[in-house]
Each structure stands twice: as C-alpha cells, then as structure tokens.
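Down below is the structure, laid out as structure tokens.
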C-alpha cells in the first residue's frame, strides 16, 4: 500500500512517499511557497498536484490533524481562560491559522473529489508521541529523534513532520493487518491512539484498512460505537480495539 504524507504549510509544504513494503520512505521533500494572499492558495494546490503526479499511484493521503488551539487559544489567562491572538491588517497568527485550515480543507476536497482517493488525519500529539514518546514534544526534539534513531537529517522541519506522519500511517496499517507490531511502548500507544480515534476528520477507515463505506452520519456512528465498546469492555474486560473491530464487522451490512 502506497501512502502520501503531507505536512501542509503556508510557506513550506513537506511531503513523504511511503510504501508499506519498505522500511524507509521512498521520497521526502518540501516545496516553498513564495506568493501571498489568494495566489498563495493557488500555488499550494499546484504544488500538491505536482507531488501527486510525481508519485503516480497512491492508495491513501495522510495529513497532520488540527491542534486543539486551532483558533488561537494558546495561553491561559489569569482566570484560566484562553487568550485569543489579535490581528493587525489580517496578518496576525490567528489569521495564519485560519488560512492553514482553509488550504488544508481545499486540498482534502481535491484529494476526495478530483483524485478519488481516501484521506486520513492523524493528531499532532499522536505523531509527536510516536516520534519521541512525548505528545507535546517540540520541533527540535523530533529532529533529534530522527537523527539519533535513523541517522537521517533534513533541511526543514516540515520534511521531518511529513516523514513521521508517513511512518506512523505505515505502522498503523501494518499493525491492523497483523503484519508488524511496534516494539517500543510509546509507539504502540500512539498506534492504538490513532485506531481508537479512527480518523474522525477523513474518509479512511483505519480499523478496516479501506475507505469508509458510509460517510454521512458518521458522528452518530462513532458515538454508538464508543458506547458499545465501553459497555462490552466493562462486562468482559476485552480490549477496546477488538470490540471496535467486532462492531464494524457486525454492522457491515448497514454501512454498505
């Protein structure tokens, strides 16, 4: 299975091409964006199109999910509330975050409707935990982890992020197909975290290693699945992932 991992950025989009049959990424790089405003969006979309054309056949496109402070709430105030970034002339950090979310959604629409490919999102905390063992690790820690463990260095941290997005996606696919299990405890926990969330922002079903058969009404299905898994786990003490897979198998006819 071939994976295209994207770390979308307004200034430098990182990409990594992985094949689940290979232990290392086949290609990694980053393309800088020089334009501003609406032309920047057009340039980023063209960049992603060139990346896809260079790789050819792709089975799933994987993005980094949105952080919880997407809309600018990063610092706690005196009374525990969030502080929203102020913007001057549309150039503040808050506007950049909205712009990143906008172009990411545009790329997802392109992947789904033009390329007819499934896409998935993995939370930043899962990527960081898989890379370093700490879900709140910074860029320097991820760069050091990649160099220490694999002896690989890249020019930009966007390439590092894309590399780890692809490697984690590969680990999840191999784990659910029972071909390979991560040896490190923190990596196994990161893989299980991806499976338990099961991609609420995308069209790829990690538990089945295939696209979702039904996209509409999935939030209600997720809630039902979690209630079912929680109740059965309390009664039998079985593993949550096994319960979720059983639920999907038993409801296959409803999803088709």
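Could you check, for segment 157-173, whether at least one of its residues is at pLDDT 90 or above, over 29 Å from residue 208 (Cβ atoms), in the same structural domain as residue 7 (by TED's automatic domain parsing) and surrounded by fewer than 21 Cβ atoms within 10 Å (Cβ to Cβ)?
So in segment 157-173, the residues at pLDDT 90 or above come out as 157-173.
With the extra rule that they be over 29 Å from residue 208 (Cβ atoms), the set shrinks to 157-160.
If we keep only those that are in the same structural domain as residue 7 (by TED's automatic domain parsing) too, we end up with 157-160.
Those still in the list that are surrounded by fewer than 21 Cβ atoms within 10 Å (Cβ to Cβ) too: 157.
Yes, the conditions are met somewhere in segment 157-173.
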For segment 3-31, how many residues meet the condition of being crowded, with 17+ Cβ neighbours inside 10 Å and within 27 Å of residue 179 (Cα to Cα)?
12
Take the conditions at pLDDT below 80, touching a helix residue (DSSP H, G or I) at 6+ places or on another chain (Cβ under 9 Å) and surrounded by 13 or more Cβ atoms within 10 Å (Cβ to Cβ) and apply them to residue 191. Does it pass?
no
Looking for whichever is in contact with a helix residue (DSSP H, G or I) (Cβ under 8 Å, 6 or more places away or on another chain) and modelled with pLDDT under 90 here; the options are 65, 90, 94, 81. Which one fits?
65
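Output the residues belonging to segment 131-156 that are in contact with a strand residue (DSSP E or B) (Cβ under 9 Å, 6 or more places away or on another chain) and touching a residue at least 40 places away in the same chain (Cβ under 8 Å).
Residues of segment 131-156 that are in contact with a strand residue (DSSP E or B) (Cβ under 9 Å, 6 or more places away or on another chain), as a first pass: 152, 154-156.
Passing the criteria: 154, 155, 156.
The values are calculated or read from the model by the stated rules, or taken from the named source; none is laboratory data. Since we're looking at a predicted model, the values are computed, not measured. Counting neighbours? That spans all protein chains shown, and the Cβs are built from the backbone with ideal geometry, glycine included.
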